Amino acid sequence: MNPVPRRRWLTCLSVLLADARAHKLKTAATLLGLAVGVSVIVAIHLASQAALHRFQGTFAGLTGVATHQLVGVEPLPAARLASLRAEPAVLDVHPVVATTVIVPPSDARPVPTSLRLVGVDPFLAAPFLQLDPEALAGAAGGQLFERLMLEPALVAVHGETLAQLGLSDGQGLTVRGPLGPREVTVLALDDPRLAAANPPLMLADIASAQEIL
């Protein structure tokens, strides 16, 4: 190192140390402020990452392996599905009805809870959602999609969400949608994707979802 810049660096360091010794409280407050500022920045970064992870969980839960979404302010006409299937560039499509419903508060739930109701066509949705085979085998005796289609107002929710709601597999639940309260029956489907979303997903047959909405 060049001796001149080194002497200057040592001189500056000695001046800073002397100033710190002369103003101990001011120096301590400055260092504390820097530490708090860094802590706040790290906390904001972690919170943003957590929110992004939850958003990605919701997106993956709704779309699975789909590459595109076609949405509208109003529900898309059923005829659009047939026209999309006829497109040579489209490998496959599946319809989805999705909205947020509210679980009203009760003795077991002092505050309302939000759930994302997702209605799918079981015949078309399986390749997209890629649900856990073990979870499907353990849900509703391995006949989850069949029961969702045949039993009205039947929905599948992750076991952790059921526990948070104070419910168990097969119990009834009141949800509030755009047309007011509706009664549904909940089944446990312990696929991580249902719980990873924010708010947690409630999976239903598309016809049941339309009735709730």
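A few points about this structure:
- Full extension of the chain segment joining Thr100 with Ala43 gains 17.7 nm, where the gain is 0.36 nm per residue of separation less the Cα-Cα distance.
- Modelled this way, with points 7 Å down the Cα-to-C-beta line, the labels at Ala18 and Leu32 are 2.7 nm from one another.
- Sites Phe123 and Val73 - FRET efficiency at Förster radius 30 Å, r taken between beta-carbons, to 0.05: 0.65
- A simple spin-label model places the labels of Asp169 and Val111 3.0 nm from each other, with each point 7 Å out along Cα-to-Cβ.
- Two-site FRET efficiency, Ala82 against Glu151, from Cβ-Cβ distance with R₀ of 30 Å, rounded to 0.05: 0.65
- For the stretch 154-194, the per residue solvent-accessible surface stands at 44 Å², with DNA, RNA and ligands left out and a 1.4 Å probe.
- Accessible surface of the stretch 74-213, 1.4 Å probe, proportion on carbon and sulfur as whole %: 56 percent
The values are calculated or read from the model by the stated rules, or taken from the named source; none is laboratory data. Computed from a predicted structure; not experimentally measured. Here the Cβ is made from the backbone with ideal geometry for all residues, glycine too, and neighbour counts use every protein chain on show. We work out accessible area using only protein heavy atoms, side chains counted, and drop any ligands, DNA or RNA first. Shrake-Rupley method; radii C 1.70, N 1.55, O 1.52, S 1.80 Å.
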